[in-house]
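The next block holds one structure in the form of structure tokens; read it before the comments.
Each value in this text was obtained by applying a stated rule to the coordinates, not by laboratory testing. As the structure is a computational prediction, the values presented were derived from the model and not from experiment. Quick reminder, even Gly has a Cβ in these numbers, built from the backbone with ideal geometry, and neighbours come from all protein chains shown.
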Amino acid sequence: MQNSTKPLMLVLSSPSGAGKTTLTKKIQESDNSFQVSISHTTRKARPNEVDGVDYHFVSREKFKQLIDQKAFYEYAKIFDNYYGTSKSSINKITGDGKNVLFDIDWQGAEQLSNYKELNILKIFILPPNIEELKKRLVSRNQDDAEAIEKRLSAYSRDLIHSKNYDHVIVNDKVEICFKEIKAIISSRMKDKN
Ligand code: 5GP
């Protein structure tokens, strides 16, 4: 198959609080050829999250079964929970002729990169600085102090892996960051056509 006919696998990774969720939504709203990959996770649903929409929430046992069945393209343990991208959910999206948008961490991005036949574009999004990140994590009121500290220390570790991405973008102003992502996507789409 030619690259031009291959669906684009757009991977967005970032430390939590860098604005990735907002950007993911904006991309999907502005371009309906993209569909977000819904991951499986063993994490408990947050109050505003819906099973089958935000994630497929499963038990550890179920997740382990899926690993054994080789059901995942990639999976990783993050903050004591497992997260994974099932092959069936991606095949469903690409089967519908859509491009896939992944909100996954660097471990998942690395594993996906091993599938050389996939048309993957990896973008790493950074907050302007660690103080701003802390401010965003506190103001979204989603995590307790311990979880925020964990996320902040993961930030420094994650930064090292940003070098394995095709692009690194700083999300200072969300509209500007969004325009940059759109430009990268259209440049890739032109390249491949
Ligand atoms: P959260 O618990 O805040 O929803 O997500 C925590 C982290 O897990 C985020 O960095 C998110 O990108 C990552 N993540 C979500 N789904 C997956 C997945 O399927 N695979 C991998 N490797 N990471 C994921």
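Which of the chymotrypsin sites (Phe, Trp or Tyr not before Pro) found in the range 1-82 are in a DSSP loop and have at most 14 neighbouring Cβ atoms, other than their own, within 10 Å? Walk me through the numbers on the way to the answer.
Working: sites: PHE34, TYR55, PHE57, PHE63, PHE72, TYR73, TYR75, PHE79, TYR82; in loops: PHE79.
Those satisfying the criteria are PHE79.
DSSP loop GluC sites (Glu not before Pro) in the range 28-113 with at most 16 other Cβ atoms within 10 Å of their Cβ, which ones? Please list the in-between numbers first.
Values: sites: GLU29, GLU49, GLU61, GLU74, GLU110; in loops: GLU49.
Here the sparse-neighbourhood loop sites are GLU49.
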Extreme residue, positive dipole direction of the chain, given options ILE123, TYR55, ASN141 (C-beta unit charges)
ILE123
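Calculated from DSSP H runs of 4 or more alone, at -39500 (n - 2.57) each and per residue, what is the 222 nm mean residue ellipticity of the chain, nearest 500?
Details: 7 runs with 83 residues, N = 193.
Roughly -13500 deg cm²/dmol at 222 nm, from the helical runs in the chain.
Please state the charge dipole magnitude for the chain, taken about the Cα centre, from unit charges on C-beta atoms (+1 on K and R, -1 on D and E), reported in debye and rounded to the nearest 20.
Working: 31 positive and 26 negative charges, 62 e Å.
Rounded to the nearest 20 debye, it is 300 debye.
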The range 1-70: trypsin sites (Lys or Arg not before Pro) in DSSP loop, at most 10 other beta carbons within 10 Å:
LYS44, LYS70
Could you order the peptides 112-123, 97-108 from most to least packed, using the average number of other C-beta atoms within 10 Å per residue?
97-108, 112-123
